[in-house]
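A short worksheet on the structure shown next.
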Amino acid sequence: MKLVFAGTPEVAVPALDALIASGRHEVAAVVTRPDAPAGRGRRLVASPVAERAEEAGIEVLKPAKPRDPEFLERLREIAPDCCPVVAYGALLPRVALDVPAQGWVNLHFSLLPAWRGAAPVQHALMAGDEITGASTFLIEEGLDSGPVYGTVTETIRPTDTSGDLLTRLAFAGAGLLAATMDGIEDGRLKAVPQPADGVTLAPKITVEDARIDWTAPALRVDRVVRGCTPAPGAWTTFRGERLKLVQALPVPDRTDLAPGQLAAGKNNVYVGTGSYAVELLWVQAQGKKPMRAADWARGARIAESELLGG
């Protein structure tokens, strides 16, 4: 099939690579978000998908909005059979959805209908799910509600961050998306409507969602830290300034600390929760680089009665 691939961040690159390498389909063009300011100089930088497509000599389209007339005209000129999508980052209007004969097929990082929305991996971790996965489905105008072509499953490991899990799903999902394109071309793969039961939503994680509630149980604190790493980053406050929690570990046998209460030793830093303590392993103070929590505590000279979270 002739394909136009839509995607933007690094997590979409493995799928683009898999389609390029398949040798079976032609990736005629790539659609991605416009260049965005990045770094201290705030200079405009192309998306990871745009950079990979340019390396491969593939035409790159960067519409401000996918309903822009110039983009739609070029899409019709290319006349793709199908448009695979991975984390493109913009809603597709009906006028664009109608262009390819086989529609737009999205790779979504959950087992649909669970965790429809922008942050499925983060929500799966924060909810304590043990299994997640990726799904390919035909895009409709609803939120991740279209019929499903296929799935792959992935076990969530006890120490997984959202970054760890998303990396594994990006590569597993790349194979799924390539196989889905093959099955659509063969005519042997039919999309199956999602069940009405089991729908959960995964909206974008806000900065406030990532704030640690020290009265919550230790397992909840651990899930929020892992689910919000690397972005947007779990955080609390210390002496009126924000402190990012990069890595923490529940310690079930430490139950002597009140919620938010700090206990700093030579090599360990513990903080109380609504159940038992967690050990802070890596933190990032405001305006500084990540560091071992014990090093941070020595520099801060923590008093015995001090609390996190105010």
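General observations
- Candidate set from the stretch 188-221 (those that are open to solvent by less than 40 Å² (accessible area, probe 1.4 Å) and of a type in the set (Gly, Ala, Ser)); member that is nearest to Glu154 (Cα to Cα): Ala202
- Subset of the stretch 42-89 [under 29 Å from Val148 (Cα atoms) and basic (Lys, Arg)]: Arg52, Lys62, Lys65, Arg67, Arg74, Arg76
- Flag if Pro217 is over 16 Å from the mean Cα position of the chain (by Cα), under 20 Å from Tyr88 (Cβ atoms) and modelled with pLDDT of 95 or more: no
- Among the residues of the stretch 222-252, the ones that are surrounded by fewer than 21 Cβ atoms within 10 Å (Cβ to Cβ) and within 14 Å of the chain's Cα centre (by Cα) come to 4 in all.
- Those residues of the stretch 113-163 which are charged (D, E, K, R) and open to solvent by less than 70 Å² (accessible area, probe 1.4 Å), in sequence order: Arg116, Asp129, Asp144, Glu154, Asp160
- Residues of the stretch 98-121 that turn out to be of a type outside the set (S, T, N, Q), under 15 Å from the mean Cα position of the chain (by Cα) and not in a loop (DSSP other than H, G, I, E, B), as a count: 5
Residue by residue, here is whether (1) of a type outside the set (Val, Ile, Thr); (2) over 29 Å from Asp186 (Cβ atoms) holds:
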| position | (1), (2) |
| --- | --- |
| Pro34 | yes, yes |
| Arg52 | yes, no |
| Ile58 | no, no |
| Leu75 | yes, no |
| Pro80 | yes, no |
| Cys83 | yes, no |
| Ala96 | yes, no |
| Ala101 | yes, no |
| His108 | yes, no |
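- Matching option when the condition is out of contact with any Leu (no Cβ under 6 Å at 6 or more places or on another chain) and within 30 Å of Ala172 (Cβ to Cβ), among Ala53, Ala79, Ala64: Ala53
- Tally, over the stretch 176-187, of residues that are open to solvent by 70 Å² or more (accessible area, probe 1.4 Å) and either touching a helix residue (DSSP H, G or I) at 6+ places or on another chain (Cβ under 7 Å) or assigned to a loop (DSSP other than H, G, I, E, B) (or both): 0
- Exactly one residue out of Thr132, Thr167 is in a strand (DSSP E or B), touching a residue at least 12 places away in the same chain (Cβ under 8 Å) and either closer than 30 Å to Val225 by Cβ or of a type in the set (A, V, I, L, M) (or both), and it is Thr132.
The values are calculated or read from the model by the stated rules, or taken from the named source; none is laboratory data. Keep in mind the model is a prediction, meaning the values are calculated, not measured. Don't worry about glycine lacking a Cβ; one is built from the backbone with ideal geometry, like all the others, and counts go over all protein chains shown. Ligands, DNA and RNA are stripped out before the accessible areas are found, and what is left, the full protein with its side chains, is counted by its heavy atoms. Shrake-Rupley method; radii C 1.70, N 1.55, O 1.52, S 1.80 Å.
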